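A.B. asks: For reference, the structure I am asking about is given below.
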Amino acid sequence: MKRIATLVAIVLALVGCGAVAGAQQPKKVPRIGYLSSSDPTSESTGSEAIRLALRERGYIEGQNIAFEYRYAEGKLDRLTELAAELVPLKVDIIVVAGGARPIQAAKNATKTIPIVMMGRGIDPVEAGLVESLARPGGNVTGVTNLARELGGKRLELLKEAVPKIARVAVLYDPASSVNEHELKEVLPAAARALRLTIQPWEIQSANGFEKVFAALSKERPDGLYVSAGLLMFANQKRIADFALKSRLPSVYGRSEFVDAGGLMSYGTDLPDSYRRVAYYVDRILKGAKPADLPVEQPTTLELVINLKTAKQIGLIIPQSMLYRADKVIK
């Protein structure tokens with residue numbers, strides 16, 4: 001009996017040790033892959049917005065959630081390689097910042113890892129990334145900004161700010177998939193209604209700006225419209241400086257251009273959209289499937305006006321516009 005009692009005690013002790021050891025095993029820390037077509041500096045506003053929104057939901061980087069960052073830094077041909085690097089790291093989710101190309105690169109790299117997109121200005125259904133906005137199917141969901149449809153409104157705002165405007169130069173990057181529809185359909189239709197003439201100026205690389213700027217200085221258009229795209233965003237200060245030096249009223253789709261000295265912007269509140277990405281990350285980590293999470297479109301649009309720039313180029317912004325502006329830089 002003593003031997004049996006001793007054996008029972010040993011077994012119980014071992015079971016107890018196992019239970020303690022099991023209880024002491026650290027919980028698995030979720031790993032998030034972050035793929036961007038841009039660079040860390042340009043992407044900092046968005047990535048920080050996501051981190052703060054995740055913190056509000058209880059996820060703190062370095063404690064109970066980890067990130068693996070991959071930046072293409074404008075070299076879009078690297079996206080396939082960078083997306084492929086994230087798969088063997090066994091990340092739980094891949095967050096993609098950018099347009100159709102980085103999202104497609106992530107989708108090509110994995111059919112099983114959930115992908116949360118922050119798709120700027122793309123139609124994910126038209127691009128073949130999801131089956132529908134309501135029922136994405138597959139492993140891709142997230143937020144999309146259909147910004148290309150706002151081009152007409154931007155021209156309208158430029159006309160309202162400068163009633164005598166007649167010719168508007170449009171800077172665009174042909175490599176950006178967003179611009180084709182905007183240039184061929186959205187802007188021409190809006191220009192006809194506003195009795196404006198638009199003049200497209202193609203820029204394919206950072207080296208092409210000075211040549212176009214020189215040509216614009218001779219052409220002397222009445223206004224400047226800057227289309228979306230990584231190339232334009234990466235050169236926002238150069239563009240804003242040229243517009244300011246040329247006393248050229250300018251309109252953009254992102255407020256960062258206005259912060260850099262551009263006249264006005266009208267578009268989605270991108271930091272707000274990035275914060276919404278945290279909702280998808282949280283839901284997926286808690287077991288939801290991307291296929292069942294509807295793709296969202298932002299409902300908040302913001303008008304930002306740089307009153308300081310207006311004064312420098314000798315423009316008086318109508319008071320009615322200033323009242324409607326979400327942000328006025330003085």
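A.B. asks: Over the chain, average the accessible area per residue using a 1.4 Å probe and give it in Å², no decimals.
C.D. replies: Per residue, the chain has an accessible area of 49 Å².
A.B. asks: Expressed in nm to one decimal, what extension gain is obtained for the pair THR300 and SER246 from 0.36 nm per residue of sequence separation less their Cα-Cα distance?
C.D. replies: Result for the pair: 16.2 nm of gain on full extension.
A.B. asks: For segment 209-324, what percent of Cα pairs sit more than 19 Å apart?
C.D. replies: 55 percent
A.B. asks: Using a 1.4 Å probe on the protein chains only, how many percent of the accessible area of segment 272-330 belongs to carbon and sulfur?
C.D. replies: 49 percent
A.B. asks: Of the accessible area of segment 152-207, with the probe set at 1.4 angstrom, what percent is carbon plus sulfur?
C.D. replies: 50 percent
A.B. asks: Quick check: Cα centre of segment 23-67 to Cα centre of segment 249-270, how many Å?
C.D. replies: 28 Å
A.B. asks: Length gain on complete extension for the stretch LYS184 to ALA66, per 0.36 nm per residue less the alpha carbon to alpha carbon distance?
C.D. replies: Result: 38.2 nm gained on full extension.
A.B. asks: Please give the length that would be gained between LYS311 and ARG31 if that part of the chain were fully extended, namely 0.36 nm times their separation in residues minus their C-alpha to C-alpha distance (nm, one decimal).
C.D. replies: Contour length minus Cα-Cα distance gives 95.9 nm.
A.B. asks: Within the set of other residues whose C-beta is less than 12 Å from the C-beta of LYS311, count the net charge using Lys and Arg as +1 and Asp and Glu as -1.
C.D. replies: +3
A.B. asks: With all protein chains present and a 1.4 Å probe, how do GLU43, GLU61, GLU68 order by accessible area, largest first?
C.D. replies: Order by accessible area, largest first: GLU61, GLU68, GLU43.
A.B. asks: Give me the distance in nm between label points sitting 7 Å out from Cα along the Cα-to-Cβ direction at GLN204 and GLU126, one decimal.
C.D. replies: Those two pseudo-labels are separated by 2.4 nm.
The values are calculated or read from the model by the stated rules, or taken from the named source; none is laboratory data. Because the structure is a prediction, the values reported are computed rather than measured. Please note: Cβ atoms are built from the backbone with ideal geometry, for glycine as well, and neighbour counts cover all protein chains shown. Note: accessible area is taken over every heavy atom of the protein model, side chains too, but ligands, DNA and RNA are not part of it. Shrake-Rupley method; radii C 1.70, N 1.55, O 1.52, S 1.80 Å.
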